[in-house]
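Everything below concerns the one structure shown next.
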Amino acid sequence: MTHQFPIKSETSKKLWSNFERELNHKLAPLSVSEKDDIKMEILSHLYESALNDGAESEEKRIINAIDRLGEPDLYLTPLISDILHAQSVAKGHPKAILKSLLQITQKSLLHLSLTAIFGFGYFISFIFFIMGIMHIFNPEVGIWLDNNGGLLSLSFSHQDNATQWLPAQFSFIAILASAFAYWGLSKLLYLLIFKPNLTKKSSY
């Protein structure tokens, strides 16, 4: 990638190549597009830092710029960890979601409210999924409407003086709705919490 940055001396090119190789190694767990974006940000920052260095030789300017940037482990390891965790949340991995909710709980009152909202949403989607499965074996599991006041209730057994809502389609609707809600909540959790933080951390 040195051709994108006008580096002249062979020694400087070797220094640059070694640093770029280290970045490639550290960023290997990420997708190609994410790896390239982060690497370009770091190298651009490195080149700009070298240009503004007062040393006489190009080699010294690049060495100074690398020293100022610091060890890649210090800033890449937490960034990569956050990106991989965010991707797990976006894909709906339960452990990643639980870890995220626990992390949010430790923060502000607003985050605590978000934890309650997301936690309740995941709980409801889980209940609907379970009810959808149970309805296959027990048709009385479902949503019941009170014949007098029209009140809606979830029930795992027959309800007197009530009419079951769409008993023939309930399993399909409940399972599909719970899966969609789970996916939607995971995406929303990623967009509201993780994406803004990752954008900040990946800016150099």
Averaged over all viewing directions, the convex hull of the alpha carbons in the range 112-174 casts a projected area in nm² of 4.8
In Å, the Kirkwood estimate of hydrodynamic radius for the chain over Cα pairs equals 21.1
Rounded to a whole %, the carbon-and-sulfur portion of the accessible area of the range 42-137 at a 1.4 Å probe is 67
Correct response: the longest run of the chain lacking exposed trypsin sites (Lys or Arg not before Pro), defined by DSSP loop and at most 13 other Cβ within 10 Å, is 108-204
Counting only DSSP loop positions in the range 1-86, the chymotrypsin sites (Phe, Trp or Tyr not before Pro) whose Cβ has at most 16 other Cβ atoms within 10 Å are none
With +1 on the Cβ of every Lys and Arg and -1 on the Cβ of every Asp and Glu, the dipole magnitude of the chain about its Cα centre, in debye rounded to the nearest 20, is 80
Counting only residues 5 or more apart in sequence or on a different chain, those whose built amide H sits under 5 Å from that of ALA162 are ASN147
Along the dipole axis of the range 1-143 (charges at Cβ: +1 for Lys and Arg, -1 for Asp and Glu; origin at the Cα centre), the most positive-end residue among GLY70, SER12, GLY92 is GLY92
To the nearest 20 debye, the range 10-54 has a Cα-centred charge dipole, built from +1 on Lys and Arg Cβ and -1 on Asp and Glu Cβ, of 220
Computed over the range 70-189, the convex hull of the Cα set has an average projected area, in nm², of 9.8
So, with points 7 Å from each Cα along the Cβ direction, the LYS95-TRP183 label distance in nm works out to 2.4
Treating only Lys and Arg (+1) and Asp and Glu (-1) as charged, each at its beta carbon, one finds that the range 35-140 has a dipole about its Cα centre, in Debye to the nearest 20, of 660
Taking max minus min of the Cα coordinates of the range 1-71 on each principal axis, largest first, gives extents in Å of 38, 21, 16
Result for the range 1-147: accessible area per residue, probe 1.4 angstrom, in square angstrom, of 59
Candidate span helices, the chain: DSSP H, at least 15 Å along axis from Cα coords, Kyte-Doolittle average at least 0.5, result 72-90, 94-105, 109-137, 170-189
Excluding residues fewer than 8 positions from LYS60 in its own chain, the aspartates and glutamates with Cα under 20 Å of it are GLU10, GLU20, GLU22, GLU48, GLU71
The FRET efficiency for PHE123 and ALA168, from their Cβ-Cβ distance with R0 = 30 Å and rounded to 0.05, is 0.70
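The values are calculated or read from the model by the stated rules, or taken from the named source; none is laboratory data. Model, not experiment: these values are computed from the prediction. Using ideal geometry, Cβ is built from the backbone for each residue, glycine included, and neighbour counts are taken over all protein chains shown. Remember, those area values only see protein heavy atoms, side chains included, never the ligands or the DNA or RNA. Shrake-Rupley method; radii C 1.70, N 1.55, O 1.52, S 1.80 Å.
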